1. Just Ala213, Ala246, Ala75 to compare: in a GNM of the chain, with alpha carbon springs under 10 Å, which one fluctuates most?
2. Highest mean first, what order results for 83-90, 193-200 on Cβ atoms within 10 Å?
3. Mean-square fluctuation check for the chain, GNM, Cα pairs under 10 Å: which of Phe161, Phe342, Phe243 is largest?
4. How far, in degrees from 0 to 90, does helix 74-90 lean away from the longest principal axis of the Cα atoms of the chain, to the nearest 10?
5. Label the stretch 35-85 by shape, choosing from rounded, prolate and oblate, from the square roots a ≥ b ≥ c of the eigenvalues of the Cα gyration tensor; if a/c is under 1.5 it is rounded, and otherwise prolate applies when a/b is larger than b/c, oblate when it is not.
6. Report the Rg/Rh value for the chain, based on alpha-carbon coordinates and the Kirkwood definition of Rh.
7. Lys pairs in the chain, Cα-Cα under 24 Å, at least 8 apart or on separate chains: how many?
8. Taking the chain as the reference, fit the longest principal axis to its C-alpha atoms, fit the long axis of helix 218-244 to the helix C-alpha atoms, and give the angle between the two in degrees, 0 to 90, nearest 10.
Amino acid sequence: MRIHFKTSYEHDIRLFPDWWSFFVYAILIAIAVVLPWLIDDFFIGEVTNVLIWAIAGLGLMMLTGQTGQASLGHAAFLALGCYSCIIFMEQGLPFLIAFPAAGVLTGVIGTIIAIPAIRLHGIYLAIATMAISILADDIIVLMEPITNGVSGKFAPVINIFGIEIERWTTPDRFYWLVLAVTIICTLIYRNILRSPLGRAFAAVRDSEVSAMAMGIHISRTKAIAFGFSCAITGLAGALMGFFAGAFNNETFSIVISITLLMMIVIGGLGSIHGAFFGAVVVAFLPQFLSIAKETVIGGGVAIPGLETGVFGMILILFILFEPMGIYGRWMKIRIWFELFPFARKDMFKRQKSYLKTERLR
């Protein structure tokens, strides 16, 4: 007789928890593939923007959500991935080589930067990474012979096996390219979480002292997380450049870094779904605010700081009432229905105590 012991990690180790989940995700991917035939070019562009933000969110989520390292400097790595990919293509490299090379270069440079930065914790690490983002703006301007400074660069047409892909003329092809990159990055992220390295990320996030006691090399784990995070972010930056068509130093400002951090907090820290939920909010909220403003007070009136103020208000509300984000709220609703009528309100009571080892970082 064969005995099968179930563990609490079983669902995390599997790529899909069960066949029903596999079926649901297969249906979602099938719908995503046929989407260009169902909606017009404008909405295809909006969905493409959501997917690009989701890739960038996955990059930051691996560092902040999985390893617990706050970063406000990922706009610099978006810029590095974007400029490096375009420069590689200008030097004659095809897109299929230039694009992954940009991600690898961004990951390597991110790892090098992480070596001194990972000695910091909490707000000090956030300030250090913010400084990197601010410095990147100046570096782009100073390296004018390579980056064209404030004049910026224009993204070339992507050519894959003779098929030309350009966001404005062939939005459906560009959408499929971004969708393929999104699926690949999501699978890479998911497989990292299933591996011993992913368990090490979670251990470092929860308690560095406990992780050290289990034999995890803290500095090495943080550096690896930083490298993977920057590599995925670099790929998102390259796609942002192709999506915009033209870009300069102002395209990747410190505001982008702050928006990325807000996005994963609103979506749900520590979850793949959270990156996608947050990307939907970041991509569609400006459109919603524009439509609401035109409906209420007319389109000719400008309200400075409206978008930033609404984003900040949403972030504060989530931190106060739902720190687990949109995905956390969805999980609570699903668990409530699964346990009905035995579910109780106190099941989701927030924990207000902390490990004593957290004071010994």
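The values are calculated or read from the model by the stated rules, or taken from the named source; none is laboratory data. Not measured: the values here are computed from a predicted model. Neighbour counts are summed over all protein chains in view; Cβ atoms, including those assigned to glycine, are modelled from backbone coordinates with ideal geometry. The area values use the complete protein model at the heavy-atom level, side chains included, leaving out ligands, DNA and RNA. Shrake-Rupley method; radii C 1.70, N 1.55, O 1.52, S 1.80 Å.
1. Ala213
2. Values: 83-90: 20.9, 193-200: 16.2.
Packing order, densest peptide first, comes out as 83-90, 193-200.
3. Phe342
4. So the helix axis and the longest Cα principal axis differ by about 40 degrees.
5. In terms of gyration-tensor shape, oblate.
6. Using Cα coordinates only, the ratio equals 0.97.
7. Taking the Cα cut-off of 24 Å, the pair count is 5.
8. Orientation of helix 218-244: about 40 degrees from the principal axis.
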